[in-house]
Amino acid sequence: MTDLTKRTWAEIDLSAIGHNYHAIRAQLPEGCRFLGVVKADAYGHGALRVSSLLQSLGAEYLAVSCLDEAIELRHGGIEIPILILGHTPAEYTKVLLDYSLTQTSSALAKALEYSEAASRLGGRLKMHIKLDTGMARLGYLCDGALFEEGVQNVITSCGLPGLDFEGIYTHFSVSDETDEGSRAFTKKQFRLFQAVIGEVASQGGFHFSIRHCANSGAVVNYPETALDMVRPGLLLYGYGGENRFDLRPAMRLVSTISTIKHQEPGTDVSYGRHFRTSRRTRMGVVAAGYADGIPRLSSNKCSYRVAGADAPQLGTVCMDMCMVDLTDIYDAEVGSEVEIFGPNNDICRIADAAQTIPYELLCSVSKRVPRVYVRGSY
Ligand SMILES: *Cc1c(COP(=O)(O)O)cnc(C)c1O
């Protein structure tokens, strides 16, 4: 980063991601593969940088959400297998083949389309079946009365020409919750997943070499679900699982104090006049706002880290700026760094204030914010 742009930036500590990778890996059973989820620009951390690191560390697989994200990685030199979790229209089958990508099949109808296209092209498209075991999003229906039909649809898919079914997976909806109801639901999802796999093997004779279902929540709370591969995203970036794995936050969103002024008591700060000073206030204007990724819903509810202390954020967060109270932080001056979230200011406090989750905050750090890569001692 040039000094010219020292306004707001996101410091990405690749050594933290490396540390988190090893911390997760250490929990996995022998032989279990590691798929790193790098969709949404690796949760805002930079998909290519994170993927290159994971590839060099020995991760076996990556996952993205869509074709464009996968192509970006291939153009950047990523050679390990990449699974596309979302839908790709079958007319792009040639692109999937050309870039050696693994496509999810989320229904028999889609498998039929891919099969037809791949056969016409004379290729063999690598696929993973996605089962809907309770998330009610993508996936072959197979719960309750639909069990037998679901099994048959998987078997029919596996027999189609032009397709190579390497894997099968499902996704948990409440694996990050540990209350009794959530535990029962996750276990039911897992049982259903295994039951379908068992029936597909016994009735259809198909065996998948990679069965996977564990997202971050399951890696931490349900180690028995690891099977042949795990699929963590959030853990890699340093959050989740009440930090039982001793993970390190990889992103530090930093801004700077652009101006300091003294406001008289009774001054209404920012749009909407939602904060009024009750004392003479040494107010700092921070050079970051909601267009950088600070949620406006967190206005007036958080503090940021400035000069080793917590500076309460005052008034409504604007598009490009927000205000903080520096009255008691004597060391803060114009140019001081403001840690909006990171190792010294828990992202969860801002996420809670904005009624959201760390995932959304990480993904919301906008294009305007340069990513600065640092590599600690790793
Ligand atoms: C996003 C995603 C993951 C990763 O979820 P985390 O909670 O970040 O671990 C895993 N699997 C699928 C299908 C996903 O969409």
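Derivation of every value follows stated rules applied to the coordinates shown; laboratory data play no part. Values in this document were obtained by computation on a predicted structure and should not be read as measured data. Backbone-built Cβ (ideal geometry, glycine too); neighbour counts: all protein chains shown.
With θ set to phi - 60°, apply the Karplus curve 6.51 cos²θ - 1.76 cosθ + 1.60 along segment 338-354 and write out the HN-Hα couplings as whole Hz, x wherever there is a Gly or Pro.
10, 8, 6, 8, x, x, 9, 8, 4, 4, 5, 5, 6, 4, 4, 4, 9
In a Gaussian network model over the chain where Cα atoms closer than 10 Å are linked, find which of Leu112, Leu362, Leu35 has the largest mean-square fluctuation.
Result: Leu112 has the largest fluctuation of those listed.
What size of dipole, in debye to the nearest 20, comes out for the chain about its Cα centre when the only charges are +1 on Lys and Arg C-beta atoms and -1 on Asp and Glu C-beta atoms?
520
Each residue of segment 211-221 in turn: what ³J(HN,Hα) in whole Hz from Karplus with 6.51, -1.76, 1.60 and θ = phi - 60°, glycine and Pro shown as x?
9, 9, 8, 7, 7, 4, x, 6, 4, 7, 8
Can you give the angle from 0 to 90° between the axis of helix 147-158 and the longest principal axis of the chain, with both taken from C-alpha atoms, to the nearest 10?
Tilt relative to the chain: about 80 degrees.
For Met283, list long-range residues whose amide hydrogen, built 1.01 Å from N in the peptide plane, is under 5 Å from its own amide hydrogen.
HN-HN under 5 Å from Met283: Lys261, His262, Gln263, Leu326.
What are the residues whose amide H is under 5 Å from the amide H of Leu125, where those residues sit 5 or more places off or on another chain and H is modelled from the backbone?
Leu163, Asp164
Springs between alpha-carbon atoms under 10 Å, Gaussian network over the chain: tell me which of Thr93, Thr133, Thr356 tops the mean-square fluctuations.
For the chain, modelled as a Gaussian network with Cα springs under 10 Å, the answer is Thr356.
So what are the three principal axis dimensions of the chain from its Cα atoms, in whole Å, longest to shortest?
Extents along the principal axes, in whole Å: 78, 45, 39.
Students often get this wrong, so check it: of Lys94/Lys187; Lys94/Lys367; Lys130/Lys367; Lys39/Lys94, which have C-alpha atoms separated by over 27 Å?
Violating the 27 Å Cα-Cα cut-off are Lys94/Lys187; Lys94/Lys367; Lys130/Lys367.
Two decimals is fine: what is log10 I(q)/I(0) at q = 0.16, 0.21, 0.22 Å⁻¹ for segment 238-378, from a Debye sum with one equal scatterer on every Cα and no solvent?
Each listed q corresponds, in turn, to -0.82, -1.33, -1.43.
Given the options Gly204, Gly31, Gly159, state which has the largest fluctuation in a GNM of the chain using a 10 Å cut-off (strictly under) for Cα springs.
Answer for the Gaussian network model of the chain: Gly31.
Rounded to the nearest 20 Debye, what is the dipole magnitude of segment 31-238 about its Cα centre when Lys and Arg each give +1 and Asp and Glu each give -1 at the C-beta? If you can, show how the numbers build up before the last one.
Values: 17 positive and 23 negative charges, 46 e Å.
Approximately 220 debye in magnitude.
Helix 180-204 sits at what angle to the longest principal axis of the chain, using alpha carbons and giving 0 to 90 degrees rounded to 10?
That helix lies at roughly 30 degrees to the long axis.
Whose amide H sits under 5 Å from the amide H of Ser105, counting only residues 5 or more places off or on another chain, with H placed in the peptide plane?
His128, Ile129, Lys130
Treating the angle as unsigned and between 0 and 90°, give the value, to the nearest 10°, between the Cα long axis of helix 47-57 and the longest Cα principal axis of the chain.
60
What's the longest piece of the chain with no exposed GluC sites (Glu not before Pro), counting a site as exposed if DSSP puts it in a loop and it has at most 12 other beta carbons within 10 Å?
Here the longest segment lacking exposed loop sites spans 80-378.
Please work out the Cα center distance from segment 270-321 to segment 57-76, rounded to the nearest Å.
Spelled out, the Cα-based centre of one part sits 37 Å from the other.
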